[in-house]
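Take a look at the structure below.
The values are calculated or read from the model by the stated rules, or taken from the named source; none is laboratory data. Quick caveat: nothing in here was measured; it's all calculated off a predicted structure. Ideal geometry is used to build each Cβ from the backbone, glycine not excepted, and the neighbour counts take in all protein chains shown. Quick note on the areas: whole protein, heavy atoms, side chains included, nothing else; ligands and nucleic acids left out. Shrake-Rupley method; radii C 1.70, N 1.55, O 1.52, S 1.80 Å.
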Amino acid sequence: MSAVTEKRHIPDRLGTSASRLFASWEALLLCVAVLIFIANSLASPYFLNAWNLSDATFNFTEKALIAFAMALLIIAGEIDLSVAAIIALASTAMGTAAQMGVGTPGIVLIGIGVGLGCGVINGVLVAGLRLPSIVVTIGTMSLFRGIAYIVLGDKAYGGYPPSFAYFGQGYVFWVVSFEFVLFAVFACLFAILLHATNFGRRIYAIGNNEFAARFSGIRVERVKFLLFLLTGLMSGIAAVCLTSRLGSTRPSIAQGWELEVVTMVVLGGISILGGSGRIGGVVIAAFVMGLVTFGLGLLNVPGIVMSIFIGLLLIATITLPIIIRRLRYGKTA
Amino acid sequence: MIKQIFRYREILLVIIIAVLLAVFSTRAPGFARPGNLSNIFNDTSILIILALGQMTVILTKSIDLSVAANVAFTGMAVGMLNASYPDLPLPLIVLVALSIGAILGALNGLFVWKLNIPSIVVTLGTLTIYRGMAFVLSGGAWVNAHQMSEPFLQTPRQLFLGLPVLGWIAIIIVAVMYLVMSRTFLGRAIYASGGNPTAAVYAGIDVGRTRFFAFVISGTLAGLCGYLWVSRYAVAYVDIAAGFELDSVAACVIGGISTLGGIGSVAGAVLGALFLGVIKNALPVINISPFSQMAISGGVIIAAVIFNARQERRRGRIILRDRGASEQIEVAA
Amino acid sequence: MNQTAALMPIPDMPLLEMRGISKSFPGVKALNDVNIALYAGKVTALIGENGAGKSTLVKILTGIYSCDEGEIHVDGAPVAFANAQDAIDVGVTAIHQETVLFDELSVAENIFIGHAPKSRLGLVNWKAVNARALALLHSLESNIDPRIRLKDLSIAQRHLVAIARALSVDARIVIMDEPTAALSRKEVDDLFQIVKRLKAQGKAILFISHKFDEVYEIADHYAVFRDGKAVGSGELAGVEQNEIVKLMVGRSVEHAFPKVDIALGTTVFAVENYTHPTEFRDISFELRKGEIFGIYGLVGAGRSEICQSFFGITQPSSGKLKLDGKEITVRSPGEAINAGIVYVPEERGRHGAVLQLPIYQNVSLPSLARTSRSGFLNAAAEFALARKYAERFDLRAAALSVPVGTLSGGNQQKVVIGKWLATQPKILILDEPTKGIDIGSKAAVHAFISELAGEGLSIIMVSSELPEIMGMSDRVLVMREGLSAGIFERDSLSPETLVRAATGNASV
Amino acid sequence: ADTIKIGLVAKSLGNGFFEAANKGAQEAAKELGGVEVIYTGPTSTTAEGQIEVINSLIAQNVNAIAISANDPDAVVPALKKAMARGIKVISWDSAVGKDGRIVHLNPSSNELIGKMCLQLAADHLKDGKGDFAILSATTTSTNQNTWIEEMKKQLPNFPGLNLATTVYGDDLADKSYREAQGLLTSQPNVKVIVAPTTVGVLAASQAVADAKKIGEVYVTGLGLPSEMAGAIKSGATKEFAIWNPIDLGYSATQIAYRLVKEETDGAPGSEIEAGRMGKIKIGDNGEAAMADPFVYDAKNIDQFSKIF
Ligand SMILES: Nc1ncnc2c1ncn2[C@@H]1O[C@H](COP(=O)(O)OP(=O)(O)OP(=O)(O)O)[C@@H](O)[C@H]1O
Ligand SMILES: Nc1ncnc2c1ncn2[C@@H]1O[C@H](COP(=O)(O)OP(=O)(O)OP(=O)(O)O)[C@@H](O)[C@H]1O
Ligand SMILES: [Mg+2]
Ligand SMILES: [Mg+2]
């Protein structure tokens, strides 16, 4: 090593060994999903039935739509806890429109528009005024749902046009629901956006080091603003699906979804501290959560006990790799 | 000292609360009577205690979303204990409450300390687990007033110098927490671990262990609140204290505790909780439609966040170089 | 602090000895079977290239990392440190390479955190803490109020606090990891006074620096690390600098700054009466094609701020910028990059690189618009770009896909400079380009800067190092407290004039 | 033959009222033989939770679903799907929109409940004259809203009785308590608080007791004896009413069974055999009503608080 003048060759990548691939989060999660699938089919004779499995997808498709956008937001180091409240507000707006006799296309546009509008508000507060997103969205969470309560009070809106039911209850072919198709399409779109575009790369840069990203000419505020907009948009779309599925709107709609969406994202391997994670993980996590709730539902396990399982699953999937790594490499790793 | 700079903000909060009280009492003559004020304080006691626990955790750059679930589980446990063994002396029951709370808090803390899992993930998981455990423990059944023993129900209600014991407990906790935060090694370690974790390691502070203790404090206080809650409302059921995790965070934020850790004071947390308490109590009294309450609290939280950020910014030194690790204010808009 | 002569150990038995220390990080053997000894009343200088393992040794010695193999002996008895507190208890204290202090706590709290005097009830006695902090700061010739928050101090004052913190422990072994990197000459002199006093008190001192003049000024012993191994040590007196450099890099290094004289072209960049409400006022200068324009000043003079305002990070309140004769406004780094102005920041870990992302992604980050096709990433183009600059700088890394954070400081700096050159700028602003870089890499960076200027790039270079400023610049702007203290032509540069202008004091 | 599976869906699990209804359902199942009652429900009172529960019941090929709905409209699509797959659906306690079920079994008629609440309020006031306030559950609870509506409708029949205000405690103990406390402060004329929900009566009684206003302000409404025993003892409540949830669960199971067995089609006007409850007559809109609410007071509370 004495003659330093000769240029070293630096390889592009270190070899990706098979063991590394298997140690990835997605692989682990996939195993969990398969295990749960097997356990479910053993535990209940009703599980392996096309229609039942199709019904099971409704457990997660709407939440997953939001989770995709939330994943991007969390990778960028922000969070949006107001998503469920956005659904409530968007649904209320759609209900109001339906009462006034607006047709299905108009209702859908209004729902998505309100979602976008809420996204703009969050975006302005967080990106524009540089406020911490976790508290801002705790605030807008109360605000958005609060407005829904002011509008609706103790009333409910129903009376949506029959054609509106398609978004939440329609099937594209055989057992494949419209919602599931929407889920699949958005999964691909978001995967491309995050992993194959400059925009996606910038999200990672911001999440890892906001200052360095800014110094690299990335317009951090604009990216964050767009991400809040995107989250609002996806919440709007989820609101359309959910409202269509329920056929009615009450201000308490989608209560508590924000935590389930965040759980889905984190279970999908997105680091809550920002900067790392992949969409594929979120997709698998959606299935895992859907399978767990549906499987336990078939056994008539109460919802709150299911949530214990989800909570345990969340902690276990995060803890296990750490413990395994410790056992293998010792404490410093 | 930290407090010097922040004194301004806390005095401001006091003024705002006073103004609120004045405004409300013009709408409802009875509102500002000492009796009612002590009522409000008493009613807010539980939130104050929870906010102090939350503050401790937030100061270390973590968050405890499981406090409300901890209250529910502990409350249910001591409620059932009291119902089945009415003769157990109250001090023992309180000790049990504190211990259960501390154990649940310690569980959170262990994951954060030993496995280095981000607190938001851990407590998101335990939030559902603890509440689920309350359901499993009780089978969903309630513990009602007539099943509870006289001392269990009445002790926190005893008047002492015009204020119920519940209020005095809050005052004692505030005093103890003030001492802990300002005069003990642990207190300094908590500020240091949140303000600059790397520097804390270099200073010989075990950041993980400090966080662990913060979670134990938060859990213990939540356990205490579990008993106080059940006794105050004379009923224990699975859903008690629903939503209090966010209320306690909101109280901290309003009180100027930075969600990025290391900044904030006991007085801030107390005032933040009182602020929320006054609003919550005032709305029904001044006949604001119950439907607008939620929107109003949301608006208030957002306003407080914006205000706090303004304060932070205006506080800049003669030279604008004052950039906390938190945000780079001068960076291009 | 009341060290008495009775406690002084026998001089030739080492006060502290580290034997056979090894430490690995994933993919790197940072220390390999290292032995080092520190003696009471002696300063040992630890010298080595970037990434040689110096800071790693310091961290092991202060209980922040645990070593994989090896043992530490103090006074001949083995010790083990589970955490930083254990090391403090044994009497080891350190000024670390990074400033590791608490912005939100007061100066006194910063100094005494972890070992504050307590009252009988076990509660901290703040009065006593403040008083002791004040006394300590006085002994350092500083009049900082111990009650104000660290946030409100200047960088140099913070360093003093860090030093006071290290001294507040009644330690026998004092470690200083590049303590002078951010200090002006005057403050370095003050620090050296303290070091001499500590020496006289019989403490053992480990001193790490890349600056040989300082090493020769203060050290008694030396130890040289190369690639994680101790390759030489002994008494410094009588050892030539060149011999040490040879040990360090395995060859001798040209010492002269390779500034090549080139004919300067037309004015490409002009700054007129640039003013910021609080940071700087009335700065004017012109930059020509191929010119290296130095900006000199003490830390906190506002050099970084003015450069950052050219780059759109901060906004001036008045004044004009002209690029190629046309007036421009730069509102964001993005606009600056598009205009061809780039800035290599001073704090590379915080502002320069995204440490968690791979090398190639860091290099391509500001150039994504060029390496991508209609917004979609093109990994091949990114690798090609990164490879180009990695080879040009002789980057040392396992692969282009490893995170930048795993590289040593010097190699990180290479990535950061490469990242900016990859945007093919017209004007390159370098803020302390060789801060904390070893002598070998430093020469390479200097050669490269010259080469770039030769290619017609206009360069603004901020530096606190006189030899660097004098060796590299065509002209030098000296700043003092946000104001211009004069622009000096290359042939009128002398250490005296520059320092006098920078300090406003004739007697330095 | 295969056992008949009936899904009994509660508004939420853990609520004493529904637990009692389940007791009745199990009793009916035993009586009928060959019947398995799956008692289930979401853990919080949401429509979404109930839809998931309904989906899993459909997946288990149950023969009938008997539901107390959290939202009359939101569960309809899911229930329609169930009916499309040959499952007989009825609602009980809290109704489902007409398209979503065959029969709805009211615990009592809504008029009667409204009247009962007003009667209870009047009983607590001197000469039956004065102000009272309503402390309800959530703003979206179907039955509470219907009953409040009925109360307002029948108010003219009680001259001198004046409804001061209606507040909502969301079926949360702390919120209800605070609302009650607010009433005590802001509405000094209110002498009776009527809460048509157990959580509400309980919290209001506690608030009255804590404000030392026992004997001055009374709390009444609809509650379970086991939960209300304390309030009666403290004197904050003199009497309250409730129908019998055991009978309700019993009848719902009976009706579901008959529908599955196709002994009846549940059309308006038909009569359905319901074991010890006798015959239940299906009225307009496919609704049937059980008995009058029963009033509990200090004399009989101990006897009933042990049962439900
Ligand atoms: N936490 C870490 N994780 C992985 N690698 C590390 C870590 N810390 C140091 N290293 C590696 O260990 C080696 C020694 O680093 P160290 O910081 O000790 O160098 P140094 O001699 O202090 O260099 P400099 O002069 O640049 O400060 C380098 O290759 C570095 O990349
Ligand atoms: N008085 C101060 N208070 C707080 N921070 C300061 C102060 N002075 C300097 N700093 C910090 O040091 C950095 C450098 O300051 P500035 O740009 O004014 O100095 P400089 O002349 O560029 O010196 P250098 O680059 O050598 O540090 C600033 O970005 C700022 O964060
Ligand atoms: Mg180093
Ligand atoms: Mg600088």
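If I ask for residues that are more than 16 Å from ligand 3 (Cβ to nearest atom), within 11 Å of chain B (Cβ to nearest Cβ) and either open to solvent by less than 20 Å² (accessible area, probe 1.4 Å) or at positive phi (or both), which ones from the stretch C:58-91 would you list?
First, pick out the residues of the stretch C:58-91 that are more than 16 Å from ligand 3 (Cβ to nearest atom): C:63, C:66-91.
If we keep only those that are within 11 Å of chain B (Cβ to nearest Cβ) too, we end up with C:63, C:81-89.
If the condition is that a residue be more than 16 Å from ligand 3 (Cβ to nearest atom), within 11 Å of chain B (Cβ to nearest Cβ) and either open to solvent by less than 20 Å² (accessible area, probe 1.4 Å) or at positive phi (or both), then C:63, C:84, C:87 are the ones that fit.
Considering only the stretch A:221-251, how many residues are touching a Lys or Arg at 6+ places or on another chain (Cβ under 8 Å) and either buried (at least 24 other Cβ atoms within 10 Å of the Cβ) or not in a helix (DSSP H, G or I) (or both)?
Going through the stretch A:221-251 one residue at a time, the tally reaches 2.
In this structure, does residue C:460 turn out to be within 13 Å of chain A (Cβ to nearest Cβ), within 16 Å of ligand 4 (Cβ to nearest atom), of a type in the set (A, V, I, L, M) and not in a loop (DSSP other than H, G, I, E, B)? Give the derivation first.
On the way: within 13 Å of chain A (Cβ to nearest Cβ): no; within 16 Å of ligand 4 (Cβ to nearest atom): yes; of a type in the set (A, V, I, L, M): yes; not in a loop (DSSP other than H, G, I, E, B): yes.
So residue C:460 does not fit the description; no.
Inside the stretch C:343-396, can you point out the residues that are on the phi > 0 side of the Ramachandran plot and either touching a residue at least 40 places away in the same chain (Cβ under 8 Å) or open to solvent by 40 Å² or more (accessible area, probe 1.4 Å) (or both)? Step through it out loud before you land on a result.
Taking the stretch C:343-396 as the starting set, the residues that turn out to be on the phi > 0 side of the Ramachandran plot are C:374-375, C:394.
Hits for the stretch C:343-396 are C:374, C:394.
Please go through (1) within 11 Å of another protein chain (Cβ to nearest Cβ); (2) buried (at least 20 other Cβ atoms within 10 Å of the Cβ) for residue D:88 and return the number of the only condition it doesn't satisfy.
Answer for residue D:88: the failing condition is (1).
Given the criteria within 16 Å of ligand 1 (Cβ to nearest atom) and among the aliphatic types (A, V, I, L, M), does residue C:321 qualify? Walk me through how you get there before you give the answer.
Working: within 16 Å of ligand 1 (Cβ to nearest atom): no; among the aliphatic types (A, V, I, L, M): yes.
In short, no.
Restricting to the stretch C:291-306, give me the number of residues that are within 14 Å of chain B (Cβ to nearest Cβ) and of a type in the set (A, V, I, L, M, F, W, C). Reasoning before the result, please.
Within the stretch C:291-306, the first condition is being within 14 Å of chain B (Cβ to nearest Cβ), and the residues that meet it are C:299-306.
If we keep only those that are of a type in the set (A, V, I, L, M, F, W, C) as well, we get C:299, C:301, C:306.
Qualifying residue count, the stretch C:291-306: 3.
Go over the candidates B:264, B:255, B:298 one by one and state the one that is touching a Cys at 6+ places or on another chain (Cβ under 9 Å) and within 14 Å of chain A (Cβ to nearest Cβ). Give the steps one after another, and end with the answer.
On the way: B:255 fails: touching a Cys at 6+ places or on another chain (Cβ under 9 Å); B:298 fails: touching a Cys at 6+ places or on another chain (Cβ under 9 Å).
None of the other options fit; the residue is B:264.
Based on this model, can you work out whether residue C:449 counts as under 25 Å from residue C:310 (Cβ atoms), modelled with pLDDT under 85, among the aliphatic types (A, V, I, L, M) and open to solvent by less than 10 Å² (accessible area, probe 1.4 Å)? Show your work before the answer.
On the way: under 25 Å from residue C:310 (Cβ atoms): yes; modelled with pLDDT under 85: no; among the aliphatic types (A, V, I, L, M): yes; open to solvent by less than 10 Å² (accessible area, probe 1.4 Å): yes.
When the stated conditions are applied, residue C:449 does not pass them.
Of the residues that make up the stretch A:19-28, is at least one in a helix (DSSP H, G or I) and open to solvent by less than 20 Å² (accessible area, probe 1.4 Å)? If you could, list the steps in order and put the result at the bottom.
Narrowing the stretch A:19-28 to residues in a helix (DSSP H, G or I): A:19-22, A:25-28.
Of the ones still in play, those that are also open to solvent by less than 20 Å² (accessible area, probe 1.4 Å) are none.
Scanning the stretch A:19-28, I find no residue that is in a helix (DSSP H, G or I) and open to solvent by less than 20 Å² (accessible area, probe 1.4 Å), so the answer is no.
Kindly indicate whether residue C:345 is touching a helix residue (DSSP H, G or I) at 6+ places or on another chain (Cβ under 7 Å), outside the structural domain of residue C:292 (by TED's automatic domain parsing) and within 16 Å of ligand 2 (Cβ to nearest atom). Let's see the steps before the verdict.
Working: touching a helix residue (DSSP H, G or I) at 6+ places or on another chain (Cβ under 7 Å): yes; outside the structural domain of residue C:292 (by TED's automatic domain parsing): yes; within 16 Å of ligand 2 (Cβ to nearest atom): yes.
In short, yes.
Taking the stretch C:386-412, which residues are at pLDDT 85 or above, touching a helix residue (DSSP H, G or I) at 6+ places or on another chain (Cβ under 7 Å) and not aliphatic (A, V, I, L, M)?
C:389, C:401, C:412
Can you tell me which condition residue B:146 does not meet? The list is (1) under 19 Å from residue B:71 (Cα atoms); (2) surrounded by 19 or more Cβ atoms within 10 Å (Cβ to Cβ); (3) at pLDDT below 85, and all the others hold.
Going through the list (1) under 19 Å from residue B:71 (Cα atoms); (2) surrounded by 19 or more Cβ atoms within 10 Å (Cβ to Cβ); (3) at pLDDT below 85, residue B:146 breaks only (1).
Quick one: residue D:135 ticks every box in (1) open to solvent by 30 Å² or more (accessible area, probe 1.4 Å); (2) modelled with pLDDT of 90 or more except a single one, so which number is it?
Here residue D:135 meets the rest and fails (1).
Quick grid of which residues meet (1) polar (S, T, N, Q); (2) closer than 21 Å to residue B:152 by Cβ; (3) at pLDDT 85 or above:
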| site | (1), (2), (3) |
| --- | --- |
| D:140 | yes, no, no |
| D:149 | no, no, yes |
| D:153 | no, no, yes |
| D:166 | yes, no, yes |
| D:179 | no, no, yes |
| D:186 | yes, no, no |
| D:205 | yes, yes, yes |
| D:216 | no, no, yes |
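How many residues are more than 21 Å from the chain's Cα centre (by Cα) and either touching a residue at least 60 places away in the same chain (Cβ under 8 Å) or away from ligand 1 (no atom under 16 Å from the Cβ) (or both) if we restrict to the stretch C:397-410?
2
Within the stretch A:178-198, how many residues turn out to be closer than 25 Å to residue C:362 by Cα and buried (at least 18 other Cβ atoms within 10 Å of the Cβ)?
Summing the residues that are closer than 25 Å to residue C:362 by Cα and buried (at least 18 other Cβ atoms within 10 Å of the Cβ) in the stretch A:178-198 gives 4.
I'd like to check something: does the stretch B:93-114 contain any residue that is at negative phi, outside any loop (DSSP other than H, G, I, E, B), within 14 Å of chain D (Cβ to nearest Cβ) and not charged (D, E, K, R)?
If we filter the stretch B:93-114 for residues that are at negative phi, which is where we start, we get B:93-114.
Subsequent filtering for residues that are outside any loop (DSSP other than H, G, I, E, B) retains B:93-114.
Checking the rest, the ones that are also within 14 Å of chain D (Cβ to nearest Cβ) come to none.
Within the stretch B:93-114 (the criterion being at negative phi, outside any loop (DSSP other than H, G, I, E, B), within 14 Å of chain D (Cβ to nearest Cβ) and not charged (D, E, K, R)), the answer is no, since none of the residues qualifies.
When the stretch C:179-221 is examined, which residues are found to be closer than 28 Å to residue C:85 by Cα and within 16 Å of ligand 4 (Cβ to nearest atom)?
The answer is C:180, C:181, C:182, C:183.
State whether the residues of the stretch B:44-62 include one that is open to solvent by 30 Å² or more (accessible area, probe 1.4 Å) and under 20 Å from residue B:222 (Cβ atoms).
Pass one, the stretch B:44-62, residues open to solvent by 30 Å² or more (accessible area, probe 1.4 Å): B:61.
Next, only the ones that are under 20 Å from residue B:222 (Cβ atoms) stay: B:61.
Yes, that holds for at least one residue.
Would you mention how many residues in the stretch D:54-77 are open to solvent by 10 Å² or more (accessible area, probe 1.4 Å) and at pLDDT 90 or above?
1
Is it the case that residue A:123 is surrounded by 22 or more Cβ atoms within 10 Å (Cβ to Cβ) and of a type in the set (Gly, Ala, Ser)? Break it down into steps so the answer makes sense when it comes.
Numbers: surrounded by 22 or more Cβ atoms within 10 Å (Cβ to Cβ): yes; of a type in the set (Gly, Ala, Ser): yes.
Judged against the criteria, residue A:123 is a match.
So which residues in the stretch D:185-208 are more than 8 Å from chain B (Cβ to nearest Cβ), out of contact with any Gly (no Cβ under 8 Å at 6 or more places or on another chain) and open to solvent by 20 Å² or more (accessible area, probe 1.4 Å), if there are any at all?
D:187, the sole residue that qualifies.
Need a quick list: strands (runs of 3 or more DSSP E) entirely within the stretch C:277-383 having at least 2 residues that are farther than 30 Å from residue A:12 by Cβ.
Working: elements: C:283-288, C:292-297, C:318-323, C:326-328, C:341-344.
Strands (runs of 3 or more DSSP E) meeting the threshold: C:283-288, C:292-297, C:318-323, C:326-328.
Which one is nearest to residue D:117 (Cα to Cα), of the residues in the stretch D:218-250 that are over 14 Å from the mean Cα position of the chain (by Cα) and away from chain B (no Cβ under 14 Å)?
It comes out as D:220.
Name every residue in the stretch C:457-485 that is small (Gly, Ala, Ser) and open to solvent by 20 Å² or more (accessible area, probe 1.4 Å), in order of residue number.
Here is the first cut: in the stretch C:457-485, the residues small (Gly, Ala, Ser) are C:458, C:463-464, C:471, C:473, C:482, C:484-485.
The answer is C:464, C:484, C:485.
Just one of the numbered conditions (1) more than 16 Å from ligand 4 (Cβ to nearest atom); (2) touching a residue at least 60 places away in the same chain (Cβ under 8 Å) is not true of residue C:234; which one?
Unmet condition: (2).
Does any residue of the stretch C:116-139 turn out to be facing chain B (nearest Cβ under 10 Å) and within 16 Å of ligand 4 (Cβ to nearest atom)?
No, every residue in the stretch C:116-139 fails to be facing chain B (nearest Cβ under 10 Å) and within 16 Å of ligand 4 (Cβ to nearest atom).
Quick one: residue C:248 ticks every box in (1) of a type outside the set (Gly, Ala, Ser); (2) surrounded by 15 or more Cβ atoms within 10 Å (Cβ to Cβ); (3) in a strand (DSSP E or B) bar one, so which box is it?
(3)
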